[in-house]
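The structure appears below as structure tokens.
The values are calculated or read from the model by the stated rules, or taken from the named source; none is laboratory data. Note that this is a predicted model, so its numbers are computed, not measured. Cβ placement follows ideal geometry from the backbone for every residue including glycine, while neighbour counts extend to all protein chains displayed. With ligands, DNA and RNA removed, areas are computed over all heavy atoms of the protein, side chains included. Shrake-Rupley method; radii C 1.70, N 1.55, O 1.52, S 1.80 Å.
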Amino acid sequence: MKLFLSKGNPHCVKVLAAAELAGIKCDISYVNHEERVVPYLSHAAVPALELPSGLHLFSANAICRFFFETGGRDPSSLTNQWLEWEATELQPTLSQALHLRALQGKGAESAAALLPPLSFLEQSLQKRATPFLCGDEVTVADIVLWGALYPVLSDSSFMTGERAQLGGWFERVSVLQPCQLAVGAVLSGKGVEPLKGYLQKQPLPHIQRRETQPSNQ
Amino acid sequence: MALRELSSLEKSLGLKKPKKYSTQGDNKVPVLQNNNGPSLTGLVTIATHLVQEANRSELLGSSAEQRALVQQWLEYRVTKLDNCPKEDIKTIFKDLNLYLEDKVYLAGNNFTLADTLMYYGIHHIMVDLAVQEKEKWANVTRWFDHVQHYPGVRHHLPPVVVLRNRFYPSGHH
């Protein structure tokens, strides 16, 4: 299998950590942010995994899920729920927050945007009272959320207020060797700085996007 | 919209007892209420759960590879298609059309949950497509027509007229 990654892309941190954790060996190529790896997509899609069948996975979360499943760990409903929350709720806010912070220098606005999802995570961890999101063991949900939030949570100045549970969870995932390895390979440091080149190539995030959603009700 | 989809999905899966749902937040994210355990939030999460409850796991894919493809297209539905600004719809059709060139269904040759939810999500766009556009996106139209005729899928949605002879050349049928 061929895995296509690009430096400074937080989604690539996720998939590399997931591959290492599940013990999956891939042929890894580092490409530019704009490289069109998947033949049928108009937009660049990195990370991407070329499967043995020749088909591509272009969703980072689907790739992580595939690695975990191949390694013998099937996702539970709770895991599915976290993956869906990450993709639909966290990512739109996160991409806006990273953009504000890294490219516009608006640290306070960026932190304010992230307040609701980070509080939600803090409360969820508090309620469950387990070391990881879905229980006592690390799942694909931990890796996906950890990778997404790494640029934010690894920068102490980004964190405002007391989030003891979130901080503890982030530390527990960060010290895992596959995670350290993935950060070292994809990012050149902590915080949002290593993401600049990647963020400049992304379309401008727009937060009002939901208003365009049609309603048939 | 999501609740009607889930109720149609329940029927197509043959689940007898209707489920209780609520919605959450400004985006009306569906929540499945569960008497015996915690509730489940999110269209994809709930739909996946319903398929498992109905013992139809083949609809989630029959191999790790196919399961990943199914989940990828389910994610595509709720992240790309649902929030799509008007100017990007063309790109979605272009990409899907190219992808479906050599496939019957989204995850390959088998019908899966990805087809059902993508069909529900794209229906309101297909309804408004002119005949010329349907011809331009011939692979999407062919896939859509397959899915809307798949037993038990259509339920709450009106059929979209497809001039079949344009998409099924006589030499192939």
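Of the residues making up the stretch A:79-110, those that are under 22 Å from A:VAL192 (Cβ atoms), without any contact (Cβ under 8 Å) to a residue 60 or more places away in the chain and among the acidic types (Asp, Glu) are A:GLU89, A:GLU109. Total residues in the stretch A:128-149 satisfying the condition of being modelled with pLDDT under 95 and in a helix (DSSP H, G or I): the figure is 1. Checking each residue in the stretch B:58-90 for being more than 9 Å from every other protein chain (Cβ to nearest Cβ) and within 15 Å of A:HIS43 (Cβ to Cβ) picks out B:LYS80, B:LEU81, B:GLU87, B:ASP88, B:ILE89, B:LYS90.
Screening the stretch A:47-64 for residues that are open to solvent by 20 Å² or more (accessible area, probe 1.4 Å) and in contact (Cβ under 8 Å) with a residue 24 or more places away in the chain and picking the one that is nearest to the other protein chains (Cβ to nearest Cβ) gives A:PRO52.
Within the stretch B:44-61, if we keep just the residues that are in contact (Cβ under 8 Å) with a residue 24 or more places away in the chain, part of a helix (DSSP H, G or I) and open to solvent by 10 Å² or more (accessible area, probe 1.4 Å), the residue that is nearest to B:PRO18 (Cα to Cα) turns out to be B:GLU53.
Only one residue in A:SER124, A:SER156 is small (Gly, Ala, Ser) and either within 22 Å of B:VAL70 (Cα to Cα) or modelled with pLDDT under 90 (or both), so which one is that?
That would be A:SER156, the only listed residue that is small (Gly, Ala, Ser) and either within 22 Å of B:VAL70 (Cα to Cα) or modelled with pLDDT under 90 (or both).
The single condition among (1) surrounded by fewer than 24 Cβ atoms within 10 Å (Cβ to Cβ); (2) without any contact (Cβ under 8 Å) to a residue 12 or more places away in the chain that A:SER76 does not satisfy is (2).
Of the residues examined, A:LEU114 is not one that is open to solvent by less than 10 Å² (accessible area, probe 1.4 Å) and under 19 Å from B:TYR76 (Cβ atoms). On the basis of being under 19 Å from A:CYS64 (Cβ atoms) and within 14 Å of the chain's Cα centre (by Cα), does A:LEU153 make the cut? Against the criterion (under 19 Å from A:CYS64 (Cβ atoms) and within 14 Å of the chain's Cα centre (by Cα)), A:LEU153 qualifies.
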